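What follows draws every value from the coordinates through simple rules; no lab data is involved. Quantities reported herein were computed from a predicted structural model and do not represent experimental measurements. Here the Cβ positions follow ideal geometry from the backbone for every residue, glycine too, while neighbour counts run over all protein chains shown.
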Amino acid sequence: MRPIAALRRWQPPRAAKAIALALACAPFALLAIDAATDRLGANPVEAVLHRTGDWALRLLLATLAVSPLRRWTGWQWLLPFRRLLGLAAFAYALLHGLIYVVLDRGLLWDDVVADVLERPYVAVGLTALALMVPLAVTSTRTMMRRLGRQWQRLHRLVYAVGVFAVLHFLWSSKLDRLEPLVYAGVLALLLLSRAPAVLRAWGRVAGPGPCDTRS
Amino acid sequence: MQRIRIPSVPSSEITPRPVWEDRRRFLRAAAGGAAAALLLARPGQAAVSRPGRLAPIADLQETAHGKDLKPTDYDDFTSYNNFVELGVSKEAPANNAHLLRTRPWTLKVEGECEAPGEIGIEDILTQFSQEERIYRLRCVETWAAVVPWVGVPLSLVLARFKPTSKAKFVELESISDPDRLPGQRRPVLPWPYVEGLRIDEAMHPLTLLATGCYGEVLPGQNGAPLRLVVPWKYGFKSAKSIVRIRFVEEMPETTWVRLQPDEYGFYANVNPTVDHPRWSQARERPIGEGLFARRRQTQMFNGYAEQVADLYRGMDLSRHY
């Protein structure tokens, strides 16, 4: 089943989309409230940097979980929410990057460039963010239609984004790697769930065939 | 004929060269500082306001150290801590501080010394003059603070135990209490926490054995009841909740060096020109200054170069980081 067909088949009610959007915005709203009421602790820049990074990663993994969950549970209604989750992940990642450049580095571009060149965890973080840009730009229905089968190929980049994002968290941790390792484990499970589809695709002779949305 | 006998001087009585050299320099600096303090002191103006949370330290002696610095807000300094024994996050140490038992508390001193023994926290508080010194604190993670410590120069305490000439280093060991301290139930770090100093660093007049901060006894999350303060080194050198000090001949293997020798060195002197592999050390962020405060330049030896640079003369500081 093509994604376009799937999207056409069923659309969630507006209220459901509004609720989903509100939920995705909730971490930002809480952050804004904490900032406005001076409840970000002694190092507020670090707090907003960590919280936006955490939510970017959580929402990214949630995006990646839609397809396997849909397959295992048969909940077709999950699919239309995938774009919202992905865009929310991108929004938090972008915010995370902006906070790093503006608030943490104080727009000192030499420092930012040195960080990217000398510190692998910054480089992979930036790569993850950069790879999300084409995905966000092509997330509209029009772009989906225009790109056709290429759309899906392009959006497989999301797996690379997941790997880079988890590496970014893992390599930036100073001491306790438990939390990033939990994220790495979840990502590994989500990637493994795609393995059968990938293997099937490899086994198939190249050429036009039924496009597998579940890959 | 009467032979003249030269009395033998025990090696513990011989003051190491860097120490007496330092003492002269320190006396000079102190004389200048005292003069400055007299000029700056205004009657009725308390330098450090007491937060009124814990027991005040009796007979506090104000000093000229850091009178020009503005202390970090008490709540910020006591809610944002690295004290892994009490938990790995910045908030955990304050939340778990009640689990730390600080009485009774005994400091054992042993190793290359003539009078090994122990001293209780009450004796340290009553037998030594408690000095208030305002120092800059710089964490290896690039945040910074200004702390009005209370304590005793470490050299005064160590002298009691008469280190011998074999005492080239001191090794400091922190509390080990996995039954009570949540952070010690997981092998996040190899427990107990061990830090070390070269003997001349330990005997340096700036090096403090702290018993309090902000005029009161130390909060658990800041290393109660007894911690080291070495203001020209990254914070992790300043071991918290110390139970043992050992005089040793060889450089001790310290906790962070054991864990990641390419990221943490034995010296760990604050140095804006030598980066940690994962972050630049050129700039620091003072805590408690809000969301829009900018980083400021980090100073060589955290601003104490005048007092300590001589300790490292001739050393390649990018190699001995």
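Numbers at a glance
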| read-out | value |
| --- | --- |
| Binned Cα-Cα distances of chain A, short to long, each 10 Å bin given as a whole percent | 7, 30, 35, 19, 7, 1, 0 |
| For B:Cys139, B:Cys213, A:Cys25, order by how many other beta-carbon atoms lie within 10 Å, fewest first | A:Cys25, B:Cys139, B:Cys213 |
| Exercise: per-residue mean of other protein chain Cβ atoms within 10 Å, A:35-47 | 5 |
| Relative packing of B:51-57, B:92-98, which averages over residues the other C-beta atoms within 10 Å, highest first | B:92-98, B:51-57 |
| Alpha-carbon centroids, the range B:204-224 and the range B:137-182: separation in whole Å | 10 Å |
| Whole-Å semi-axes of the ellipsoid equivalent to the range B:176-220 (Cα gyration tensor, √5λ, descending) | 26, 18, 6 |
| Distance histogram in 5 Å bins (all Cα pairs of the range B:53-98, percent per bin) | 5, 18, 16, 18, 19, 14, 10, 0 |
| Highest-MSF residue in chain B out of B:Thr207, B:Thr126, B:Thr142 [GNM, Cα springs under 10 Å] | B:Thr126 |
| For chain B, diffusion coefficient by Stokes-Einstein and Kirkwood Rh (Cα), 10 °C, 1.306 mPa s, µm²/s | 78 µm²/s |
| Separation between Cα centres of the range A:68-85 and the range A:115-150, rounded to whole Å | 22 Å |
| Average other protein chain Cβ within 10 Å of Cβ, residues A:173-181 | 4 |
| Length released on extending from B:Gln260 to B:Arg53, taking residue separation times 0.36 nm less the Cα-Cα span | 70.8 nm |
| Entries in B:Lys168/B:Lys237; A:Lys174/B:Lys162; A:Lys174/B:Lys240 that, when Cα-Cα distance is taken, lie over 29 Å | A:Lys174/B:Lys162 |
| Under 22 Å from the Cα of B:Lys70 - lysines, other chains or at least 8 residues apart | B:Lys233 |
| Whole-angstrom gap from the range B:242-307 to the range B:42-116, using each part's C-alpha centre | 19 Å |
| Net lengthening on full extension, B:Arg319/B:Ala159 (0.36 nm per residue, minus Cα-Cα) | 54.5 nm |
| Degrees separating the helix A:157-172 axis from the principal Cα axis of chain A, which is the longest one | 30 degrees |
| Principal axis dimensions, largest first and in whole angstrom, of the protein assembly as shown by Cα | 116, 54, 45 |
